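Novice: Can you keep this structure in mind? I'll have questions shortly.
The values are calculated or read from the model by the stated rules, or taken from the named source; none is laboratory data. All values derive from a computational prediction rather than experimental measurement. Please note: Cβ atoms are built from the backbone with ideal geometry, for glycine as well, and neighbour counts cover all protein chains shown. All accessible areas refer to the heavy atoms of the entire protein, side chains included, with ligands and DNA or RNA removed. Shrake-Rupley method; radii C 1.70, N 1.55, O 1.52, S 1.80 Å.
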Amino acid sequence: RNVVSHGFAAVGFVSALTGQRYHDRPMKEWFVSELQESLVFSVHDVQMVLNYLATRDDLNMSHVGMFGQGSGGTIAILSAAVDPRIETLDVMDPWGDWPDWVARSPQIPESERSTYLRPGFLANIMPLDPVRWLPQLRGRPVRIQENLFNLAIPAPVRKGIETAGSGSAMIVEYHDTREYNEKVSTNGKMLEWLQAELSGSSNSAMASKPQ
């Protein structure tokens, strides 16, 4: 009810190599081991979702926003960079700044980390680094939310992403779970900012990407 309040529509989907979309692959292949594929396919999915929504006559496609968290935040940034139909972007704890993220993130099992630190792996994902694309979103409303208590995002990664977004994005930091709960997670506040930015239309389409 919160997501679709105030006349908004919402679409959620599962990113590549996660959930029910993970099948017919060796167990050693997962979202991070195939990060280039996972990101590219998921960004393409966003564009296909928007193409479908544009065929409907009950949505105003001139007001589209996207929310993403974690890897979803990365997908949201990359999607907005390649598709101008996404006019407003709200991301929380996005992955990125790949050399630091790969070297330090606890999302990666230590037994696999050396594989992802190889020059070939990093070379493949560097064109998909949000720190390269955030500056290209100037002129569009962008908010980057950072949960400083979330240890899954190393401090150097946060700094790299915030630096890339400086001058074009609103940076919001939550220092502890209490502050996060008060400002974001209770009473449907998570999407208030995004909805306010899109409120030029009472019947907007909002693509929502889970982590």
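Novice: Take residue 143 and decide whether it is of a type in the set (Lys, Arg), in a strand (DSSP E or B) and within 15 Å of residue 162 (Cα to Cα).
Specialist: For residue 143, the condition - of a type in the set (Lys, Arg), in a strand (DSSP E or B) and within 15 Å of residue 162 (Cα to Cα) - is met.
Novice: Let me ask something else about it. Across the stretch 126-136, what is the total count of residues that are of a type in the set (A, V, I, L, M, F, W, C) and either open to solvent by 70 Å² or more (accessible area, probe 1.4 Å) or over 21 Å from the mean Cα position of the chain (by Cα) (or both)?
Specialist: Final tally of qualifying residues: 1.
Novice: Same structure again: Checking the conditions here, which among 14, 46, 91 is open to solvent by less than 10 Å² (accessible area, probe 1.4 Å), closer than 24 Å to residue 130 by Cα and outside any helix (DSSP H, G or I)?
Specialist: 91
Novice: In the list 103, 123, 76, which residue meets the criterion of being loosely packed, with under 15 Cβ neighbours inside 10 Å and of a type in the set (A, V, I, L, M)?
Specialist: That would be 123, the only listed residue that is loosely packed, with under 15 Cβ neighbours inside 10 Å and of a type in the set (A, V, I, L, M).
Novice: Working only within the stretch 106-120, note down all residues that are buried (at least 17 other Cβ atoms within 10 Å of the Cβ) and within 21 Å of residue 69 (Cβ to Cβ).
Specialist: 108
Novice: Moving on to the next point. If you go through the stretch 50-60 one residue at a time, how many are exposed (fewer than 15 other Cβ atoms within 10 Å of the Cβ) and either closer than 19 Å to residue 6 by Cα or in contact (Cβ under 8 Å) with a residue 60 or more places away in the chain (or both)?
Specialist: 2
Novice: Select from the stretch 167-192 the residues that are small (Gly, Ala, Ser) and free of Cβ contacts under 8 Å to residues at least 12 places away in the same chain and list them in ascending order.
Specialist: Correct list: 185 only.
Novice: Okay, next question. Test residue 96 against the criterion of being part of a helix (DSSP H, G or I), within 23 Å of residue 169 (Cβ to Cβ) and not hydroxyl-bearing (Ser, Thr, Tyr), and give yes or no.
Specialist: It is false that residue 96 is part of a helix (DSSP H, G or I), within 23 Å of residue 169 (Cβ to Cβ) and not hydroxyl-bearing (Ser, Thr, Tyr).
Novice: Would you confirm whether or not the stretch 137-147 contains a residue that is surrounded by fewer than 16 Cβ atoms within 10 Å (Cβ to Cβ), among the small types (Gly, Ala, Ser) and either touching a Leu at 6+ places or on another chain (Cβ under 8 Å) or over 21 Å from residue 50 (Cβ atoms) (or both)?
Specialist: Within the stretch 137-147, none of the residues are surrounded by fewer than 16 Cβ atoms within 10 Å (Cβ to Cβ), among the small types (Gly, Ala, Ser) and either touching a Leu at 6+ places or on another chain (Cβ under 8 Å) or over 21 Å from residue 50 (Cβ atoms) (or both).
Novice: Another question, then. Based on this model, can you work out whether residue 102 counts as at pLDDT 95 or above, in a helix (DSSP H, G or I), closer than 30 Å to residue 2 by Cβ and over 14 Å from the mean Cα position of the chain (by Cα)?
Specialist: No, not satisfied.
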